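Visitor: My questions all concern the structure below.
The values are calculated or read from the model by the stated rules, or taken from the named source; none is laboratory data. Quick caveat: nothing in here was measured; it's all calculated off a predicted structure. Cβ sites come from the backbone with ideal geometry, for glycine too, and all protein chains shown count toward neighbours. Quick note on the areas: whole protein, heavy atoms, side chains included, nothing else; ligands and nucleic acids left out. Shrake-Rupley method; radii C 1.70, N 1.55, O 1.52, S 1.80 Å.
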Amino acid sequence: MHIASICLPNDPINATSIRMPNKINHTELCEWLTAVATHRDKQAFTHLFQFFSPKIQRIAKIKVNTDARASEVVQETMGNVWRKAHLFDGNKGAVTTWVYTIMRNVTFDMLRKVKSNREDTLSDDIWSLAESQNIQEDDFTDHLANNNLRSVIDDLPENQQQVIKAYYFMEMSQDQLAVHLNLPLGTIKSRLRLALGKLKAQLGESHD
Amino acid sequence: MIKHHPKFQLIQGFVNGELPASLSAGIAIHADLCSECRQQISLLTEQLSYASFEEVTVDKYSVSDSGKQDNVNPLYFEQAIAAITKSNDIDIIEPKIEKNIIFKNHVYSLPFVLHNMVLGKTANIGKLARARIQLDENEIHSSLLHIEPGGSVPEHTHNGFELTVLIAGQFSDKEGEYVPGDFIMLDKKHPHHPVSEKGCLCFTVANDSLHFTQGISKILNPIGAFIY
(Lines give C-alpha, C1' and ligand atoms only; values in the text may rest on other atoms or scores of the structure.)
Protein backbone atom coordinates (compact mmCIF):
# COMPACT_ATOMS: atom_id res chain seq x y z
CA MET A 1 0.00 0.00 0.00
CA HIS A 2 2.59 2.50 -1.08
CA ILE A 3 0.41 5.54 -1.47
CA ALA A 4 3.16 7.71 -2.87
CA SER A 5 3.68 5.49 -5.85
CA ILE A 6 0.03 5.05 -6.66
CA CYS A 7 -1.29 8.56 -6.10
CA LEU A 8 1.01 10.07 -8.70
CA PRO A 9 -0.29 10.85 -11.17
CA ASN A 10 -3.56 9.08 -10.53
CA ASP A 11 -5.38 9.38 -7.27
CA PRO A 12 -6.06 5.90 -5.88
CA ILE A 13 -9.61 6.87 -5.03
CA ASN A 14 -10.36 7.14 -8.74
CA ALA A 15 -9.95 3.41 -8.89
CA THR A 16 -12.88 2.82 -6.62
CA SER A 17 -16.49 3.58 -7.17
CA ILE A 18 -16.52 6.09 -4.34
CA ARG A 19 -16.61 9.64 -5.56
CA MET A 20 -15.58 12.32 -3.17
CA PRO A 21 -15.96 16.06 -3.58
CA ASN A 22 -12.80 18.19 -3.78
CA LYS A 23 -10.34 15.39 -4.33
CA ILE A 24 -6.72 16.35 -4.00
CA ASN A 25 -5.00 16.89 -7.32
CA HIS A 26 -1.58 15.52 -6.42
CA THR A 27 -0.11 16.13 -9.84
CA GLU A 28 -0.99 19.80 -9.66
CA LEU A 29 0.47 20.15 -6.14
CA CYS A 30 3.63 18.53 -7.40
CA GLU A 31 3.87 20.92 -10.36
CA TRP A 32 3.43 23.94 -8.11
CA LEU A 33 6.09 22.80 -5.68
CA THR A 34 8.50 22.03 -8.52
CA ALA A 35 7.92 25.52 -9.94
CA VAL A 36 8.73 27.01 -6.53
CA ALA A 37 11.90 24.93 -6.35
CA THR A 38 13.16 25.67 -9.84
CA HIS A 39 11.88 29.22 -10.53
CA ARG A 40 11.04 30.61 -7.09
CA ASP A 41 7.60 30.92 -8.68
CA LYS A 42 5.50 33.13 -6.40
CA GLN A 43 2.27 32.41 -8.25
CA ALA A 44 2.75 28.66 -7.73
CA PHE A 45 3.58 29.31 -4.10
CA THR A 46 0.37 31.32 -3.75
CA HIS A 47 -1.57 28.30 -5.02
CA LEU A 48 0.16 26.06 -2.50
CA PHE A 49 -0.51 28.58 0.26
CA GLN A 50 -4.17 28.79 -0.63
CA PHE A 51 -4.48 25.02 -0.69
CA PHE A 52 -2.61 24.21 2.51
CA SER A 53 -2.94 27.17 4.87
CA PRO A 54 -6.63 26.80 5.83
CA LYS A 55 -6.11 23.07 6.38
CA ILE A 56 -2.98 23.56 8.45
CA GLN A 57 -4.70 26.30 10.43
CA ARG A 58 -7.51 23.95 11.43
CA ILE A 59 -5.34 20.89 12.11
CA ALA A 60 -2.87 22.95 14.14
CA LYS A 61 -5.62 24.64 16.14
CA ILE A 62 -6.55 21.27 17.60
CA LYS A 63 -2.99 20.68 18.79
CA VAL A 64 -1.83 24.15 19.83
CA ASN A 65 -5.19 25.42 21.10
CA THR A 66 -5.11 29.07 20.09
CA ASP A 67 -5.74 30.70 16.71
CA ALA A 68 -2.64 32.82 17.14
CA ARG A 69 -0.36 29.81 17.60
CA ALA A 70 -2.09 27.95 14.78
CA SER A 71 -1.37 30.92 12.49
CA GLU A 72 2.25 30.72 13.60
CA VAL A 73 2.29 27.05 12.59
CA VAL A 74 0.88 28.01 9.17
CA GLN A 75 3.43 30.75 8.63
CA GLU A 76 6.34 28.63 9.82
CA THR A 77 5.28 25.55 7.83
CA MET A 78 4.72 27.49 4.62
CA GLY A 79 8.01 29.35 5.18
CA ASN A 80 9.72 25.97 5.29
CA VAL A 81 7.94 24.95 2.10
CA TRP A 82 9.32 28.08 0.39
CA ARG A 83 12.87 27.60 1.67
CA LYS A 84 13.06 23.80 1.34
CA ALA A 85 11.17 23.22 -1.92
CA HIS A 86 14.42 22.18 -3.63
CA LEU A 87 14.73 19.30 -1.16
CA PHE A 88 11.44 17.73 -2.18
CA ASP A 89 11.71 14.64 -4.36
CA GLY A 90 8.48 13.76 -6.12
CA ASN A 91 9.69 10.23 -6.74
CA LYS A 92 9.84 9.52 -3.05
CA GLY A 93 6.44 10.66 -1.90
CA ALA A 94 3.47 12.98 -2.33
CA VAL A 95 3.57 16.72 -1.66
CA THR A 96 0.89 16.24 1.01
CA THR A 97 3.15 13.81 2.90
CA TRP A 98 6.08 16.20 2.68
CA VAL A 99 4.07 19.18 3.92
CA TYR A 100 2.52 17.02 6.63
CA THR A 101 5.95 16.15 8.04
CA ILE A 102 6.97 19.81 8.03
CA MET A 103 3.74 20.80 9.78
CA ARG A 104 4.18 17.99 12.31
CA ASN A 105 7.76 19.08 13.05
CA VAL A 106 6.88 22.75 13.40
CA THR A 107 4.01 21.87 15.75
CA PHE A 108 6.23 19.58 17.81
CA ASP A 109 8.89 22.25 18.34
CA MET A 110 6.26 24.84 19.19
CA LEU A 111 4.55 22.62 21.77
CA ARG A 112 7.91 21.84 23.32
CA LYS A 113 8.56 25.55 23.62
CA VAL A 114 5.19 26.02 25.32
CA LYS A 115 5.40 22.99 27.65
CA SER A 116 9.08 22.73 28.52
CA ASN A 117 10.04 26.32 27.81
CA ARG A 118 12.81 25.02 25.56
CA GLU A 119 13.83 26.83 22.41
CA ASP A 120 15.57 23.80 20.92
CA THR A 121 14.42 22.51 17.57
CA LEU A 122 14.76 18.79 17.96
CA SER A 123 12.18 17.75 15.42
CA ASP A 124 14.54 17.69 12.44
CA ASP A 125 16.84 15.35 14.34
CA ILE A 126 14.05 13.13 15.60
CA TRP A 127 12.37 12.56 12.27
CA SER A 128 15.24 12.79 9.81
CA LEU A 129 16.43 9.38 10.96
CA ALA A 130 13.23 7.51 10.63
CA GLU A 131 12.08 9.13 7.45
CA SER A 132 15.24 10.12 5.69
CA GLN A 133 13.43 9.19 2.50
CA ASN A 134 15.80 6.25 2.19
CA ILE A 135 13.05 4.11 0.82
CA GLN A 136 15.15 3.28 -2.25
CA GLU A 137 17.77 1.68 -0.05
CA ASP A 138 15.32 -0.65 1.56
CA ASP A 139 16.63 -4.10 2.08
CA PHE A 140 14.98 -7.26 0.94
CA THR A 141 12.81 -7.64 4.04
CA ASP A 142 11.37 -4.18 3.49
CA HIS A 143 10.17 -5.06 0.06
CA LEU A 144 8.70 -8.23 1.40
CA ALA A 145 6.89 -6.38 4.17
CA ASN A 146 5.63 -3.76 1.75
CA ASN A 147 4.53 -6.27 -0.83
CA ASN A 148 2.84 -8.31 1.83
CA LEU A 149 0.89 -5.31 2.97
CA ARG A 150 -0.09 -4.36 -0.52
CA SER A 151 -1.10 -7.87 -1.35
CA VAL A 152 -3.14 -8.09 1.82
CA ILE A 153 -5.24 -5.19 0.64
CA ASP A 154 -5.32 -6.43 -2.93
CA ASP A 155 -6.35 -9.85 -1.78
CA LEU A 156 -9.35 -8.54 0.08
CA PRO A 157 -12.68 -9.02 -1.65
CA GLU A 158 -13.58 -5.97 -3.74
CA ASN A 159 -16.27 -4.81 -1.31
CA GLN A 160 -13.84 -4.93 1.63
CA GLN A 161 -11.16 -3.12 -0.35
CA GLN A 162 -13.60 -0.34 -1.09
CA VAL A 163 -14.48 0.08 2.58
CA ILE A 164 -10.92 -0.13 3.87
CA LYS A 165 -9.62 2.37 1.33
CA ALA A 166 -12.27 4.93 2.14
CA TYR A 167 -11.87 4.35 5.86
CA TYR A 168 -8.08 4.46 5.87
CA PHE A 169 -7.22 6.93 3.16
CA MET A 170 -10.10 9.31 3.60
CA GLU A 171 -11.04 8.78 7.22
CA MET A 172 -14.69 8.57 6.36
CA SER A 173 -16.83 7.57 9.29
CA GLN A 174 -18.80 4.35 9.16
CA ASP A 175 -21.99 6.39 8.88
CA GLN A 176 -20.60 8.37 5.94
CA LEU A 177 -19.55 5.13 4.28
CA ALA A 178 -23.02 3.67 4.69
CA VAL A 179 -24.54 6.72 3.02
CA HIS A 180 -21.98 6.82 0.21
CA LEU A 181 -22.22 3.15 -0.61
CA ASN A 182 -25.93 3.02 0.07
CA LEU A 183 -25.55 0.03 2.35
CA PRO A 184 -26.82 -0.75 5.86
CA LEU A 185 -24.45 0.34 8.63
CA GLY A 186 -24.22 -3.26 9.82
CA THR A 187 -22.79 -4.35 6.47
CA ILE A 188 -20.16 -1.59 6.59
CA LYS A 189 -19.22 -2.57 10.12
CA SER A 190 -18.78 -6.23 9.30
CA ARG A 191 -16.79 -5.57 6.11
CA LEU A 192 -14.57 -3.19 7.97
CA ARG A 193 -14.07 -5.62 10.82
CA LEU A 194 -13.09 -8.39 8.43
CA ALA A 195 -10.74 -6.17 6.46
CA LEU A 196 -9.16 -4.55 9.51
CA GLY A 197 -8.60 -7.94 11.06
CA LYS A 198 -6.49 -8.98 8.09
CA LEU A 199 -4.64 -5.65 8.02
CA LYS A 200 -3.93 -5.72 11.73
CA ALA A 201 -2.28 -9.07 11.37
CA GLN A 202 0.19 -7.34 9.05
CA LEU A 203 0.54 -3.99 10.75
CA GLY A 204 0.17 -4.48 14.45
CA GLU A 205 0.41 -7.88 15.90
CA SER A 206 3.95 -8.74 15.00
CA HIS A 207 4.91 -5.92 17.35
CA ASP A 208 4.93 -6.81 21.03
CA MET B 1 18.57 -9.66 15.22
CA ILE B 2 16.30 -7.05 16.78
CA LYS B 3 13.38 -8.76 18.51
CA HIS B 4 11.86 -5.96 20.54
CA HIS B 5 9.94 -3.23 18.72
CA PRO B 6 7.76 -0.31 19.79
CA LYS B 7 4.06 -1.09 19.99
CA PHE B 8 1.88 0.06 17.12
CA GLN B 9 0.29 2.80 19.26
CA LEU B 10 3.72 4.21 20.07
CA ILE B 11 4.69 4.30 16.41
CA GLN B 12 1.42 6.03 15.65
CA GLY B 13 2.06 8.61 18.39
CA PHE B 14 5.56 9.09 17.04
CA VAL B 15 4.36 9.72 13.50
CA ASN B 16 1.69 12.11 14.81
CA GLY B 17 4.28 14.06 16.80
CA GLU B 18 2.36 13.38 20.00
CA LEU B 19 5.06 11.69 22.08
CA PRO B 20 7.50 13.55 24.34
CA ALA B 21 10.94 14.24 22.85
CA SER B 22 12.45 11.50 25.03
CA LEU B 23 10.24 8.68 23.75
CA SER B 24 10.41 10.05 20.20
CA ALA B 25 14.20 9.89 20.42
CA GLY B 26 13.99 6.29 21.64
CA ILE B 27 11.89 5.35 18.64
CA ALA B 28 14.22 7.23 16.30
CA ILE B 29 17.24 5.31 17.67
CA HIS B 30 15.36 2.05 17.22
CA ALA B 31 14.10 2.91 13.72
CA ASP B 32 17.59 3.86 12.62
CA LEU B 33 18.57 0.24 13.22
CA CYS B 34 15.25 -1.45 12.31
CA SER B 35 14.21 -1.38 8.67
CA GLU B 36 10.91 -3.03 9.49
CA CYS B 37 9.79 -0.18 11.75
CA ARG B 38 11.24 2.41 9.36
CA GLN B 39 9.02 1.00 6.68
CA GLN B 40 6.02 1.09 8.96
CA ILE B 41 6.74 4.69 9.93
CA SER B 42 6.88 5.90 6.34
CA LEU B 43 3.73 3.99 5.53
CA LEU B 44 1.84 5.50 8.46
CA THR B 45 3.18 8.96 7.64
CA GLU B 46 1.76 8.67 4.15
CA GLN B 47 -1.58 7.47 5.46
CA LEU B 48 -1.83 10.20 8.10
CA SER B 49 -0.87 12.96 5.71
CA TYR B 50 -3.33 11.68 3.18
CA ALA B 51 -6.08 11.62 5.78
CA SER B 52 -5.11 15.01 7.23
CA PHE B 53 -5.30 16.91 3.98
CA GLU B 54 -8.35 15.22 2.53
CA GLU B 55 -11.20 17.67 2.35
CA VAL B 56 -13.50 15.14 4.01
CA THR B 57 -11.34 14.83 7.09
CA VAL B 58 -10.72 18.49 7.42
CA ASP B 59 -14.43 19.19 7.20
CA LYS B 60 -15.01 17.16 10.33
CA TYR B 61 -13.20 19.78 12.37
CA SER B 62 -15.31 22.68 11.32
CA VAL B 63 -18.95 22.67 10.40
CA SER B 64 -18.96 26.04 8.72
CA ASP B 65 -15.85 25.13 6.82
CA SER B 66 -16.75 25.86 3.22
CA GLY B 67 -18.17 29.26 4.03
CA LYS B 68 -15.20 30.09 6.19
CA GLN B 69 -12.71 29.14 3.58
CA ASP B 70 -14.24 31.38 0.95
CA ASN B 71 -14.31 34.27 3.36
CA VAL B 72 -10.63 34.23 4.27
CA ASN B 73 -9.45 37.79 4.06
CA PRO B 74 -7.50 38.04 0.79
CA LEU B 75 -5.33 40.70 2.38
CA TYR B 76 -4.21 38.20 5.00
CA PHE B 77 -3.12 35.79 2.27
CA GLU B 78 -1.27 38.51 0.41
CA GLN B 79 0.59 39.70 3.48
CA ALA B 80 1.41 36.22 4.70
CA ILE B 81 2.73 35.16 1.32
CA ALA B 82 4.70 38.39 0.86
CA ALA B 83 6.32 37.93 4.27
CA ILE B 84 7.53 34.48 3.27
CA THR B 85 8.59 35.17 -0.30
CA LYS B 86 10.40 38.46 0.28
CA SER B 87 13.60 36.48 0.78
CA ASN B 88 14.87 34.05 -1.82
CA ASP B 89 17.18 32.27 0.60
CA ILE B 90 16.98 28.51 0.65
CA ASP B 91 17.78 26.13 3.46
CA ILE B 92 21.03 24.26 3.00
CA ILE B 93 21.14 20.90 4.70
CA GLU B 94 24.48 20.28 6.32
CA PRO B 95 25.92 16.80 5.97
CA LYS B 96 25.72 14.70 9.09
CA ILE B 97 28.98 14.40 10.95
CA GLU B 98 29.71 11.51 13.29
CA LYS B 99 29.89 12.40 16.97
CA ASN B 100 31.49 10.17 19.55
CA ILE B 101 30.91 9.83 23.25
CA ILE B 102 33.35 8.27 25.69
CA PHE B 103 32.49 6.32 28.83
CA LYS B 104 35.47 4.99 30.79
CA ASN B 105 37.73 4.82 27.74
CA HIS B 106 35.08 3.12 25.61
CA VAL B 107 34.30 5.18 22.53
CA TYR B 108 30.77 5.05 21.13
CA SER B 109 29.20 6.70 18.12
CA LEU B 110 26.40 8.91 19.44
CA PRO B 111 23.01 8.29 17.77
CA PHE B 112 22.25 11.17 15.43
CA VAL B 113 19.02 12.10 17.20
CA LEU B 114 21.00 12.93 20.36
CA HIS B 115 23.55 15.18 18.63
CA ASN B 116 21.86 18.45 19.56
CA MET B 117 20.65 17.42 22.98
CA VAL B 118 22.46 18.73 26.04
CA LEU B 119 24.18 16.08 28.15
CA GLY B 120 24.80 16.55 31.86
CA LYS B 121 27.98 15.48 33.64
CA THR B 122 28.57 11.76 33.91
CA ALA B 123 27.96 10.28 37.35
CA ASN B 124 29.43 6.92 38.34
CA ILE B 125 28.47 4.19 40.77
CA GLY B 126 30.59 1.06 40.50
CA LYS B 127 30.35 -0.28 36.97
CA LEU B 128 27.43 1.97 36.10
CA ALA B 129 27.80 5.43 34.61
CA ARG B 130 24.99 7.76 33.73
CA ALA B 131 24.78 11.02 31.80
CA ARG B 132 21.48 12.83 32.06
CA ILE B 133 20.00 14.17 28.84
CA GLN B 134 18.58 17.59 29.61
CA LEU B 135 15.23 17.64 27.91
CA ASP B 136 13.26 19.29 30.76
CA GLU B 137 10.25 17.03 30.49
CA ASN B 138 9.27 17.23 34.16
CA GLU B 139 8.94 13.76 35.68
CA ILE B 140 10.21 12.08 32.52
CA HIS B 141 13.97 11.61 32.79
CA SER B 142 16.20 10.55 29.91
CA SER B 143 19.75 9.33 30.26
CA LEU B 144 22.59 7.52 28.64
CA LEU B 145 23.46 4.56 30.83
CA HIS B 146 26.76 2.81 30.45
CA ILE B 147 27.48 -0.58 31.99
CA GLU B 148 31.05 -1.79 32.08
CA PRO B 149 31.77 -5.43 31.27
CA GLY B 150 30.54 -7.62 34.10
CA GLY B 151 28.28 -4.90 35.48
CA SER B 152 24.59 -5.16 36.26
CA VAL B 153 21.61 -3.26 37.58
CA PRO B 154 20.15 -4.98 40.69
CA GLU B 155 16.76 -6.57 40.22
CA HIS B 156 14.18 -3.85 40.23
CA THR B 157 10.77 -2.81 39.07
CA HIS B 158 9.31 0.61 38.27
CA ASN B 159 6.55 2.69 39.67
CA GLY B 160 6.06 4.14 36.21
CA PHE B 161 7.54 2.96 32.92
CA GLU B 162 11.14 2.40 31.93
CA LEU B 163 12.25 2.39 28.33
CA THR B 164 15.65 1.01 27.43
CA VAL B 165 16.99 1.19 23.90
CA LEU B 166 20.27 -0.62 23.49
CA ILE B 167 22.67 1.56 21.48
CA ALA B 168 25.79 -0.61 21.54
CA GLY B 169 27.09 -3.75 23.19
CA GLN B 170 24.86 -6.35 24.80
CA PHE B 171 23.05 -7.17 28.01
CA SER B 172 20.70 -9.89 29.09
CA ASP B 173 18.01 -10.63 31.64
CA LYS B 174 15.69 -13.56 32.20
CA GLU B 175 13.95 -12.78 28.91
CA GLY B 176 17.16 -13.43 27.03
CA GLU B 177 19.90 -11.44 25.36
CA TYR B 178 19.44 -8.04 23.74
CA VAL B 179 21.16 -6.59 20.69
CA PRO B 180 21.64 -2.96 19.56
CA GLY B 181 18.32 -1.48 18.47
CA ASP B 182 16.18 -3.57 20.83
CA PHE B 183 13.40 -1.39 22.24
CA ILE B 184 12.47 -2.60 25.72
CA MET B 185 9.49 -0.98 27.41
CA LEU B 186 8.81 -2.19 30.95
CA ASP B 187 6.38 -1.28 33.72
CA LYS B 188 5.91 -2.37 37.31
CA LYS B 189 4.61 -5.75 36.28
CA HIS B 190 8.07 -6.60 34.96
CA PRO B 191 10.81 -6.87 37.56
CA HIS B 192 14.13 -7.30 35.84
CA HIS B 193 17.82 -7.63 36.48
CA PRO B 194 19.91 -6.70 33.45
CA VAL B 195 23.46 -8.03 33.36
CA SER B 196 26.06 -7.00 30.81
CA GLU B 197 28.94 -9.40 30.34
CA LYS B 198 30.63 -7.43 27.59
CA GLY B 199 29.45 -3.95 28.53
CA CYS B 200 26.89 -1.75 26.83
CA LEU B 201 25.54 1.73 26.23
CA CYS B 202 21.78 2.31 26.56
CA PHE B 203 19.38 5.17 26.07
CA THR B 204 16.89 5.12 28.94
CA VAL B 205 13.68 6.96 29.70
CA ALA B 206 11.79 6.61 32.99
CA ASN B 207 8.98 8.56 34.59
CA ASP B 208 9.47 7.45 38.19
CA SER B 209 12.20 6.10 40.42
CA LEU B 210 13.18 2.46 40.37
CA HIS B 211 11.99 0.17 43.08
CA PHE B 212 14.35 -2.59 44.13
CA THR B 213 12.72 -5.88 44.84
CA GLN B 214 15.47 -7.77 46.61
CA GLY B 215 16.64 -7.93 50.22
CA ILE B 216 19.27 -5.25 50.45
CA SER B 217 16.96 -2.65 48.98
CA LYS B 218 17.72 -0.01 51.59
CA ILE B 219 21.37 0.02 50.66
CA LEU B 220 20.46 0.15 46.99
CA ASN B 221 17.94 2.96 47.23
CA PRO B 222 20.42 5.58 46.08
CA ILE B 223 20.99 3.55 42.91
CA GLY B 224 17.25 3.61 42.24
CA ALA B 225 17.32 7.39 42.20
CA PHE B 226 20.63 7.35 40.34
CA ILE B 227 19.30 5.35 37.44
CA TYR B 228 16.02 7.23 37.23
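Visitor: For B:LYS189, which lysines qualify as cross-link partners when the Cα separation must be under 22 Å and same-chain residues fewer than eight apart are set aside?
Guide: Output for B:LYS189: B:LYS3, B:LYS7, B:LYS174, B:LYS218.
Visitor: Something else about it: Can you put B:HIS30, B:HIS4, B:HIS193 in order of accessible area, largest first, using a 1.4 Å probe?
Guide: Reading off the accessible areas and sorting them downward yields B:HIS193, B:HIS4, B:HIS30.
Visitor: Less than 15 Å Cβ to Cβ from B:ALA123, Lys/Arg counted +1 and Asp/Glu -1: what total charge do the surrounding residues give?
Guide: Residues near B:ALA123 contribute +4 overall.
Visitor: Another question about this same structure. Using the Cα gyration tensor of segment B:94-162, with a ≥ b ≥ c the square roots of its eigenvalues, what is the shape: rounded (a/c below 1.5), prolate (a/b larger than b/c) or oblate (neither)?
Guide: oblate
Visitor: Additional query: Could you pull the accessible area for A:TRP127 with a 1.4 Å probe, rounded to 10 Å²?
Guide: 10
Visitor: While we're on this one: Which whole number gives the average, over all residues in B:135-148, of C-beta atoms from other chains lying within 10 Å of the residue C-beta?
Guide: 1
Visitor: Nearest 100 Å², what total accessible surface is buried between chain B and chain A (probe 1.4 Å)?
Guide: For chain B against chain A, roughly 6600 Å² becomes buried.
Visitor: Which lysines, if any, have their Cα less than 29 Å from the Cα of A:LYS42, not counting same-chain residues under 8 positions apart?
Guide: Leaving aside lysines fewer than 8 places away in the same chain, those within reach of A:LYS42 are A:LYS23, A:LYS55, A:LYS61, A:LYS84, A:LYS92, B:LYS68, B:LYS86.
Visitor: Please report the antiparallel percentage of DSSP beta bridges with both residues in segment B:100-227, rounded to the nearest 5. Kindly include the intermediate steps, with their values, before the conclusion.
Guide: On the way: 44 of 44 bridges.
About 100 percent, rounded to the nearest 5.
Visitor: Take the alpha carbon gyration tensor of segment B:100-227, find the square roots of its eigenvalues, order them as a ≥ b ≥ c, and report rounded if a/c is under 1.5; if not, report prolate when a/b exceeds b/c, else oblate.
Guide: rounded
Visitor: Does segment A:27-117 come out rounded, prolate or oblate, given a ≥ b ≥ c as the square roots of the eigenvalues of its C-alpha gyration tensor, rounded meaning a/c under 1.5 and, failing that, prolate meaning a/b above b/c?
Guide: Taking the square roots of the gyration eigenvalues as a ≥ b ≥ c, segment A:27-117 is prolate.
Visitor: Same structure again: For the full complex of protein chains and a 1.4 angstrom probe, list A:ARG104, A:ARG118, A:ARG83 by accessible area with the highest value first.
Guide: From most exposed to least exposed: A:ARG83, A:ARG118, A:ARG104.
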